[in-house]
1. If you scan segment 50-83, which residues turn out to be touching an Asp or Glu at 6+ places or on another chain (Cβ under 8 Å), touching a residue at least 24 places away in the same chain (Cβ under 8 Å) and among the hydrophobic types (A, V, I, L, M, F, W, C)?
2. Only one of 144, 116, 96, 109 is modelled with pLDDT of 95 or more, loosely packed, with under 12 Cβ neighbours inside 10 Å and not basic (Lys, Arg); which?
3. When only residues in segment 31-49 that are free of Cβ contacts under 8 Å to residues at least 24 places away in the same chain and assigned to a strand (DSSP E or B) count, which is nearest to residue 63 (Cα to Cα)?
4. Tell me, which residue of segment 1-27 that is of a type in the set (A, V, I, L, M, F, W, C) and not in a loop (DSSP other than H, G, I, E, B) is farthest from residue 96 (Cα to Cα)?
5. For residue 79, are the conditions met, namely being at pLDDT below 95, hydrophobic (A, V, I, L, M, F, W, C) and over 14 Å from the mean Cα position of the chain (by Cα)?
6. Could you count how many residues in segment 110-152 are in contact with a Pro (Cβ under 9 Å, 6 or more places away or on another chain) and outside any strand (DSSP E or B)?
7. Restricting the search to segment 50-60, which residues are within 16 Å of the chain's Cα centre (by Cα) and assigned to a strand (DSSP E or B)?
8. Within segment 39-55, identify whether any single residue is of a type in the set (Lys, Arg), modelled with pLDDT of 95 or more and exposed (fewer than 13 other Cβ atoms within 10 Å of the Cβ), and answer yes or no.
Amino acid sequence: MQEIERKFLFDTEKWKPQDKGVKIVQGYLSTDKERVVRVRTKGKKAFLTIKGNQKGITRTEIEYEISIKEAEVMLKMCLDFPIEKTRYHETIGGLLWEIDIFHGINQGLFLAEVELENENQSVELPSWVTQEVSNNHRYFNSWLSENPFSLW
């Protein structure tokens with residue numbers, strides 16, 4: 001129930017997809033600082049996720065699988081702009097990386113994240129990583145839903 005992750009910007013000229021990716025659409029029912037409630041469709045599945053306040057690169061995360069129909073209804077109730085992206089997966093140095101190419105109002109943003117077992121775990125950074133943004137709130141999806149990248 002703890003999520004420990006680091007986020008990075010990356011160079012799309014140096015990175016090439018290793019799989020065909022999966023389309024994700026997500027919206028936020030709450031973006032309160034103490035708790036974020038997200039609904040997401042990911043391919044043919046859907047999830048409701050509650051995330052607690054981040055401390056360092058760690059926060060509580062509780063996720064439930066829900067039906068696509070429930071997710072579609074909830075997405076219509078969400079605040080602000082939906083997040084649209086294609087997610088790719090790569091294993092590097094024994095760790096699973098999630099690489100997101102954003103679409104729609106966040107077009108032009110490219111983020112890679114890696115989940116860790118503890119905050120001090122060492123990470124082999126791929127050559128395509130350019131800058132760490134783990135503690136920069138502007139790169140949290142909940143913030144991007146209210147403040148789209150295209151408007152920065």
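1. Correct list: 57, 79, 81.
2. Working: 144 fails: loosely packed, with under 12 Cβ neighbours inside 10 Å; 116 fails: loosely packed, with under 12 Cβ neighbours inside 10 Å; 109 fails: loosely packed, with under 12 Cβ neighbours inside 10 Å.
Going through 144, 116, 96, 109 in turn, the sole match is 96.
3. Going through the qualifying residues, I end up with 49.
4. The extreme case among them is 25.
5. yes
6. Number of matching residues: 1.
7. Residues of segment 50-60 that are within 16 Å of the chain's Cα centre (by Cα), as a first pass: 50-54, 57-60.
Selection gives 50, 51, 52, 58, 59, 60.
8. Filtering segment 39-55 for residues of a type in the set (Lys, Arg) gives 40, 42, 44-45, 51, 55.
Within this subset, residues satisfying the condition of being modelled with pLDDT of 95 or more are 40, 42, 44-45, 51.
Now narrow it down to the ones that are exposed (fewer than 13 other Cβ atoms within 10 Å of the Cβ): 44.
Checking segment 39-55: at least one residue is of a type in the set (Lys, Arg), modelled with pLDDT of 95 or more and exposed (fewer than 13 other Cβ atoms within 10 Å of the Cβ).
The values are calculated or read from the model by the stated rules, or taken from the named source; none is laboratory data. None of the values given here were measured: they were computed from a predicted structure. Backbone-built Cβ (ideal geometry, glycine too); neighbour counts: all protein chains shown.
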